[in-house]
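Novice: Sharing a structure with you now.
Throughout, read-outs are computed from the coordinates displayed, never taken from laboratory work. Keep in mind the model is a prediction, meaning the values are calculated, not measured. In this analysis, Cβ positions are derived from the backbone assuming ideal geometry, glycine residues included, and neighbour counts consider all displayed protein chains.
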Amino acid sequence: MVGINAIRELKVIIPMILCQVASGGVSMFYKVAVADGMRIDILIAYRYIFATIFIAPLALVIERRSRPQFTWLIAIQGFACGIFGASLGSNLYAESLVLTSPTFATAMTNVIPALTLLMAVIFRLERLDIRTSLAGKAKVVGTALGVSGAMVLTFYKGINITIWSTHINLLRGFEANSATKGQNHLKGSILAFCSCLSYTAWLIIQTRMSLMYPLYSSTAIVCSIGAILSGIYALCKETHLTEWKLGWNIRLMAAAYTGIFGSGFVIAITAWVTRVKGPLYVSSFTPLSLIFVAVLGSLILDEKLNLGSVIGSVLIILGLYIVIWGKSKEMRAVSKGTEGELTITSRNHQTGNNSMVADSGREETSLEATEKV
């Protein structure tokens, strides 16, 4: 029984880890494409265009028979997810990165698990019985550890640690193209926090939508709305067609990767896991992307690993493990309670059947006695 539960848990954990690996790759392609001179808002528009081209045929083919009727409620939920989870969230994050710094913007995303926990409790998608439930305490402690580890990884450097060196730097030769803009930390901080709220709202709405609409179809709706809104926003900021051209270069690779893997794959897996485990479970994996960014940066951008990266990674993994343990304990308690209710119901039903048989037996005996008389 324990082995079966472990396998079921791994079926969810492994896809979520792959999502964070894909998200780490998105950060790498963002850095390289922007350093090559590509506007970030145009890259975001292309990202969701590629995501729609990738996921829409899958939805049409795989779910052509299982797709329920498209209603106004699904349309509203899909539009909201397209705004918060795609267009608005991505562009707010990009603008905050420009106005502050990559370090600060990345650090701000680590409040998403805490915001998700708060909003999930408010909308009754998560239970948080801290006084009586060990699972509730585990979710709070694990979330706090994950956020703390992400902050340590981002802000504390310490001594450099040299484990390997590939001597590869994809940013070499692009430095001259990267433009620095004026910084406004107050405005950038507000935008960064708003992007975190946006992604949190997406997780909450996505949980509701995933219960009503199939996986690939809901993902196609989110990506297509994100493509339309992001495209309109980018066209308003940049009307020169030369900036929109894609060649056989890093810009095309960045748009294809971030669209297919960073959006199509990630949004589909997120929709599935939110339906199975809830929004808090999904958001708890968010700090993992920082670990993969640090590792990928040391491999392909010639960045240095440091003591803060190691300490922060340990705290993130520990916090994630505690949240997963608390969530699994909570779900086992719910399943046991359901089984207990079913057992009581079946017993009552069986008792009722026995009493009916006894009553019918008494009636037959009474009839026989009457006939004899």
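Novice: Give the peptides 234-241, 118-125 in descending order of average Cβ contacts within 10 Å, highest first.
Specialist: 118-125, 234-241
Novice: Further question on the same structure: Determine, for each peptide in 221-227, 245-251, 315-321, the mean count of other beta carbons within 10 angstrom over its residues, then list the peptides with the highest first.
Specialist: Highest to lowest by the protection proxy: 221-227, 315-321, 245-251.
Novice: Sticking with this one: Amide H to amide H, which residues 5 or more places from N306 or on other chains are under 5 Å from it, using H placed in the peptide plane?
Specialist: I161
Novice: If R₀ is 35 angstrom, what is the calculated FRET efficiency for the pair I122 and I7, using the beta carbon separation as r and rounding to 0.05? Walk me through the numbers on the way to the answer.
Specialist: Details: r = 33 Å, r/R0 = 0.96.
So the FRET efficiency works out to roughly 0.55.
Novice: So what J values fall out for segment 204-211 if you push phi through Karplus, 6.51 cos²θ - 1.76 cosθ + 1.60 with θ = phi - 60°, rounded to Hz, Gly and Pro as x?
Specialist: 5, 5, 4, 4, 5, 5, 5, 7
Novice: Apply the Karplus parameterisation 6.51 cos²θ - 1.76 cosθ + 1.60, with θ equal to phi minus 60°, to every residue of segment 279-289 and state each ³J(HN,Hα) to the nearest whole Hz, in sequence, with x for glycine and proline.
Specialist: Calculated HN-Hα couplings, in order: x, 5, 4, 5, 5, 5, 7, 4, x, 4, 4 Hz.
Novice: How much length is gained on full extension from L134 to V314, taking 0.36 nm per residue of separation minus their Cα-Cα distance?
Specialist: Fully extending the segment from L134 to V314 adds 62.6 nm.
Novice: Place a label point 7 angstrom from the Cα of I17 along the Cα-to-Cβ direction, then list the residues of segment 262-296 whose backbone nitrogen is under 14 Å away.
Specialist: Only 285, 288-289, 291-292 fall inside the zone, counting backbone N under 14 Å.
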